[in-house]
Amino acid sequence: MADPLQTLETDLSTLATADAGDPQNGTATAQPALTAAQQVLSLLADQSLVGATIGAAVSGVYTAIAGAITDDVVKALQSIAGELTSPSMAGVNVGDVTSALSSLQNVLQTAQSLVPGGASAAASALASTSQFATLFGNLLSDAGSLGAAASTLYEIAQQLQAIATAFTAAAQGNP
């Protein structure tokens, strides 16, 4: 089975190449496809081309997208990667983690079945958390080690940060 983290990183490398030499602190390099996309997106935010109202609205959307990528996704990936390599995880192997996540998934599924009104917010939250536990367990298992998974998460965070930076630059409307 292919490692989904590695597949995602490979797919993102079309837009930005991660600094694999320094996964935690490196910076991804924008590729020509991302640079071209940024220039095209800039045209839609250029008030001299599309007018002040549309340009300002598009700029606001780009800024919100960049903020969501950076503040939500990138920081979450970096936090998870940091925890995977923290001293508290020393000596923990992937099998133990995936087993614990599998047990968590079973508990959450049971709890979800006991919640009255299966479509309630509580049932939905339990289902989402159960799905995350399954997905995260599979991702870790496929990576082979906590360290490898952490490095890949850091590299994906670099790539997504480069994409967020392109949106921030496009929001200025200057191709």
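A few remarks follow.
- Pair list, Cβ under 6 Å, 6 or more apart: region 96-112 residue more than 10 Å from S130 (Cα to Cα), other residue at pLDDT below 80 and open to solvent by 50 Å² or more (accessible area, probe 1.4 Å): T98/S141
- Qualifying residue in region 83-99 (condition: at pLDDT 90 or above, touching a Ser or Thr at 6+ places or on another chain (Cβ under 9 Å) and either within 14 Å of S151 (Cα to Cα) or of a type outside the set (D, E) (or both)): no
- Members of region 140-175 found to be over 25 Å from Y62 (Cβ atoms) and open to solvent by 30 Å² or more (accessible area, probe 1.4 Å), listed by number: S141, D142, G144, S145, G147, A148, S151
The values are calculated or read from the model by the stated rules, or taken from the named source; none is laboratory data. Everything numeric in this text was worked out from a predicted model, so none of it was measured. Cβ sites come from the backbone with ideal geometry, for glycine too, and all protein chains shown count toward neighbours. The accessibility values were calculated without ligands, DNA or RNA, using every heavy atom of the protein model including side chains. Shrake-Rupley method; radii C 1.70, N 1.55, O 1.52, S 1.80 Å.
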